[in-house]
Ligand SMILES: Cc1cc2nc3c(=O)[nH]c(=O)nc-3n(C[C@H](O)[C@H](O)[C@H](O)COP(=O)(O)OP(=O)(O)OC[C@H]3O[C@@H](n4cnc5c(N)ncnc54)[C@H](O)[C@@H]3O)c2cc1C
């Protein structure tokens, strides 16, 4: 043991790396963790947390509009972007400090530096040039947003910069069809920006249930987000006081900001992985086995750099399972089945399990239960919106394979429905559960008509 400086060296103090480091240290391992930017990683610094804070901010505008039907007059409401960003930054700094403190309390040594791999058991800290010999290396170094190779791409922003803009763009063109693009389109729109969402596919949110995709797009359009499908931004021109996003079809869209949310690439370049023989797959992610071990026996990888399911709770579970396996004498495989997920667009999406298309592709004979209804709040607010709930049920066993919800509170509802799905609940178990009235969620247990 003494031939190594540490038992475990973790590259990246994000969601997965921090959990792995703390749990390994708790099992008695000597652990060092390197972070080149800010402790907390994507989720805390420029992902889930700041995004949700901005989503909360953006939804006040809808509440102000809805309030009139309930008798309220909301006058003089004004929004100040610098106040929001300053308060958000304060909260992120608080969380970052808490992460530092928790690592220190667990006796994990933090190296505030970029780390690169020199050989299967040696790291170099670029800030000081110091070498560290580690018995085991864990890659928990995440992913980064990609920009397209188009003229003027240097004028564009990604989600990284969107959280730090000096002012709220009055007009923004966003290219992307995934959840990050949808969320930013809705949050900028809610804050008062004129938003154009450009997506090269024929529908946004690929991989989501088709009914959900259609419903969310049409509600986004109804609320005022311009959605252009089957197009890409071909170039960006910089003008005196604005940008022009030029689409492949030649259309010019003036904007204060042009944003790309077209995907995130695992951070596998320029850290020495090729030289030591760590294998990557076609998606550019580190290939790992069920215990997160790479093709080099002393090097493991978790979280976004493995591109299994790029979500914070998944990276955390993978990090925890790795630490229990390696240092806790408790071999544990991370479980990627029935992981619930949400999109904080407007209206919100929550889902767990298989979409109808995925279930059919997997060969299941299905019963589909689908309800679309006007939420009670909309009766007085007058908002043109509806809630969608859909259960994908395997006909023979009656097992609920998927729950899909679009509407206010969808994420909170699905977290709970996910427990039932994970336990293997049947449609009859949903039916046996008495409704909680008056809620939107009660529809989940009162769906009787197959569609
Ligand atoms: C805008 C946005 C919104 C998101 N919203 C959600 C959400 O609502 N819910 C959800 O579950 N997930 C969300 N995600 C995804 C989530 O943030 C990631 O899945 C999660 O952070 C992955 O954790 P990780 O530990 O793998 O990597 P990260 O959290 O990215 O941490 C990797 C860390 O490694 C550091 N690093 C990289 N290379 C080196 C090196 N060579 N040396 C030292 N340090 C290095 C990086 O600086 C970074 O801090 C969102 C992501 C984005 C971008």
*Over the range 177-283 - Rg/Rh using Cα atoms and the Kirkwood inverse-distance radius*: 1.08
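What does the convex hull of the alpha-carbon atoms of the range 263-342 project to on average, in nm²? Could the numbers behind the result be given before it?
Numbers: hull surface 23.3 nm².
Computed as one quarter of the Cα hull surface, the answer is 5.8 nm².
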*Rounded, prolate or oblate: which fits the range 218-268, taking a ≥ b ≥ c as square roots of the Cα gyration tensor eigenvalues, rounded meaning a/c under 1.5, else prolate when a/b beats b/c?*
oblate
_If I take the Cα coordinates of the range 101-222 and project them onto the principal axes, what are the three extents in Å, biggest first?_
57, 36, 35
*Compute from the Cα atoms of the range 307-451 the Rg and the Dmax, the latter being the longest Cα-Cα distance, and quote both in angstrom.*
17.2, 59
*Provide, in order from the shortest bin, the percent of all Cα-Cα pairs of the range 391-451 in each 5 Å bin, continuing until the bin that contains the maximum pair distance.*
4, 17, 32, 29, 15, 3, 0
*Express as a percent, rounded to the nearest 5, the fraction of DSSP beta bridges in the chain (both residues included) that run antiparallel.*
60 percent
*How far is helix 210-223 tilted off the main Cα axis of the chain, in degrees rounded to 10, range 0 to 90?*
70 degrees
*Beta bridge orientation in the range 15-138: antiparallel %, DSSP, nearest 5*: 70 percent
*asked:* Stokes-Einstein diffusion coefficient for the range 225-374 at 25 °C in a medium of 0.890 mPa s, Rh from the Kirkwood formula over Cα pairs: what value in µm²/s?
replied: 124 µm²/s
*Mind listing the Cα extents of the range 299-393 along all three principal axes, in Å, largest one first?*
57, 35, 21
_If you split all Cα-Cα distances of the range 1-150 into 10 Å bins from zero, what percentages do you get per bin, shortest first?_
10, 31, 25, 16, 10, 6, 2, 0
*For the range 153-197, the spread of Cα positions along each principal axis, largest first, Å*: 21, 21, 15
*Can you tell me the alpha carbon radius of gyration of the range 1-64 divided by the globular rule-of-thumb value 2.2 N^0.38 Å?*
1.64
*Report the equivalent ellipsoid semi-axes for the range 229-304 in whole Å, largest first, defined as the square roots of five times the eigenvalues of the gyration tensor built from alpha carbon atoms.*
41, 13, 10
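Starting from the Kirkwood Rh over alpha-carbon pairs, what translational D in µm² s⁻¹ does the range 74-151 have by Stokes-Einstein at 25 °C and 0.890 mPa s?
So the translational diffusion coefficient is about 145 µm²/s.
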*To the nearest whole percent, what portion of all C-alpha pairs in the range 348-431 is separated by more than 21 angstrom?*
31 percent
_Geometric extent, Cα atoms of the range 189-247 - Rg, Dmax (angstrom)_ = 13.5, 43
_For the chain, what are Rg and Dmax over the alpha carbons, in angstrom?_
23.6, 73
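Can you put 75, 381, 294 in order of Cβ neighbours within 10 angstrom, beginning with the fewest?
Listed from fewest to most nearby Cβ atoms, that is 75, 381, 294.
All of the numbers you see were taken from the coordinates with simple rules; none came from a lab. Being a predicted model, the structure only gives us computed values, none of them experimental. Using ideal geometry, Cβ is built from the backbone for each residue, glycine included, and neighbour counts are taken over all protein chains shown.
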